Amino acid sequence: MRLGPYLRNIREQKGITLREMEERSLIRRDIIQIIESGRFEELPDNSHTKHLVRTYCDALQLDSDEIINRYGDEIPSKEKVYKERKENKVNKDLQYLKKTIYAFLTIVAILFIIWLVLLQIGSQGDYFRESKIYDQVETDTSHNEETFSIKLNKVEDKTAHYDVKTADDIKVTLKGDGTLVNITDDEDHTYANEAVEDDTFLIDNDASQVFVAIEDNSKLSVFVNDVKLEEDEVQKEGTLFYQFNIERD
């Protein structure tokens with residue numbers, strides 16, 4: 001007699017109902033019925049079959065070790081269960097891969113057939129003749145010569161803020177009687193920190209801001225790329241600071 005029916009017979013001989021067995025073993029009735037039928041593969045987790053059988057036997061005051069040894073071939077071990085699960089997963093993955101490849105090849109074949117059909121129809125109906133999709137237009141190759149502009153944005157706290165747009169190099173030129181000048185940029189370059197009379201400074205192309213401090217603004221005229229800054233727009237005497245915000249095209 002197999003393990004499941006053997007256990008059921010002992011329970012019935014002892015006059016224990018399924019409800020009483022459920023209360024004694026704390027195993028759900030549906031699980032008890034699966035054990036007594038011997039369909040261990042239907043358990044929610046059949047890797048715990050040995051534990052359930054041992055609990056069932058203990059509830060009937062049976063020698064669980066002796067019964068497990070006798071019917072050990074019927075009880076799936078954890079190693080066997082895990083191996084079967086792994087094999088099932090591999091088989092499912094292979095099946096999914098095969099289905100995916102078949103579906104992809106089918107789509108490719110359908111698209112190829114459609115392409116052949118369209119090619120045949122087009123060759124017969126002259127649908128693929130060359131045609132212009134736009135009218136030829138005359139291209140203006142003249143160079144936009146306005147590559148530089150400078151505009152005073154505001155004067156605030158003795159600082160004149162200028163917006164500069166350029167596609168070329170930037171040169172700051174100072175002309176006049178001479179006074180102390182400091183010129184730096186946001187790339188930590190220092191171009192001047194001394195008395196200047198007439199000099200030109202080429203600004204680094206990576207700089208986006210240039211800062212100029214003139215001790216006596218009345219003594220020097222400031223030029224940016226040969227464009228003279230209007231003196232009547234800013235403070236004429238005393239220390240003045242210039243900030244040039246550069247936008248490169």
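The values are calculated or read from the model by the stated rules, or taken from the named source; none is laboratory data. A quick note: this is a predicted structure, and the numbers were derived from the prediction, not measured. As a convention, Cβ positions derive from the backbone with ideal geometry for all residues, glycine included, and neighbour counts pool all protein chains shown. These accessible areas exclude ligands, DNA and RNA; they are computed on the full protein's heavy atoms, side chains included. Shrake-Rupley method; radii C 1.70, N 1.55, O 1.52, S 1.80 Å.
Expressed as a whole percent, the accessible area of the range 143-235 that falls on carbon and sulfur atoms is 38 (1.4 Å probe).
On a 1.4 Å probe surface of the protein chains, which of 36, 41 comes out largest in accessible area, and what is the full order? If you can, show how the numbers build up before the last one.
Details: 36 10, 41 125 Å².
I get 41, 36, largest accessible area first.
For the range 177-192, the Karplus equation 6.51 cos²θ - 1.76 cosθ + 1.60, evaluated at θ = phi - 60°, returns couplings of 7, x, 6, 5, 9, 10, 10, 9, 9, 7, 9, 6, 8, 10, 9, 7 Hz by residue, with Gly and Pro reported as x. Going by alpha carbons, how many degrees (0 to 90, nearest 10) lie between the helix axis of 49-59 and the longest principal axis of the chain? That works out to roughly 50 degrees. Shown for the chain is the translational diffusion coefficient from the Stokes-Einstein equation, using the Kirkwood radius over Cα pairs, a temperature of 37 °C and a viscosity of 0.692 mPa s: 115 µm²/s. Per residue, the chain exposes 71 Å² of accessible surface when a 1.4 Å probe is rolled over the protein heavy atoms with every protein chain present. Between residue 175 and residue 239, the simple label model (points 7 Å from Cα in the Cβ direction) yields a spacing of 2.8 nm. Close amide-amide hydrogen proximity is noted between residue 170 and 203, each under 5 Å apart and 5 or more residues distant or on a separate chain (H modeled in the peptide plane; Pro and chain starts excluded). Projected label points at residue 41 and residue 156, each 7 Å from Cα along the beta carbon direction, are separated by 8.1 nanometres.
Taking the Cα centre of the chain as reference, the dipole from Cβ charges on Lys and Arg (+1) and Asp and Glu (-1) amounts to some 4080 debye.
By how many degrees, between 0 and 90 and to the nearest 10, does the Cα long axis of helix 78-125 differ from the longest principal axis of the chain? Once rounded, one gets 50 degrees.
Once the other residues with Cβ under 12 Å from the Cβ of residue 202 are scored (Lys, Arg +1; Asp, Glu -1), what is the net sum? Computed value for this residue: -4. Label positions at residue 167 and residue 115, each projected 7 Å from the Cα along the C-beta direction, are separated by 4.2 nm. Among 108, 51, 38, whose Cα projects farthest towards the positive end of the dipole of the chain, with charges put on the beta-carbon of Lys, Arg (+1) and Asp, Glu (-1)? Among 108, 51, 38, the one farthest towards the positive end of the dipole of the chain is 38.
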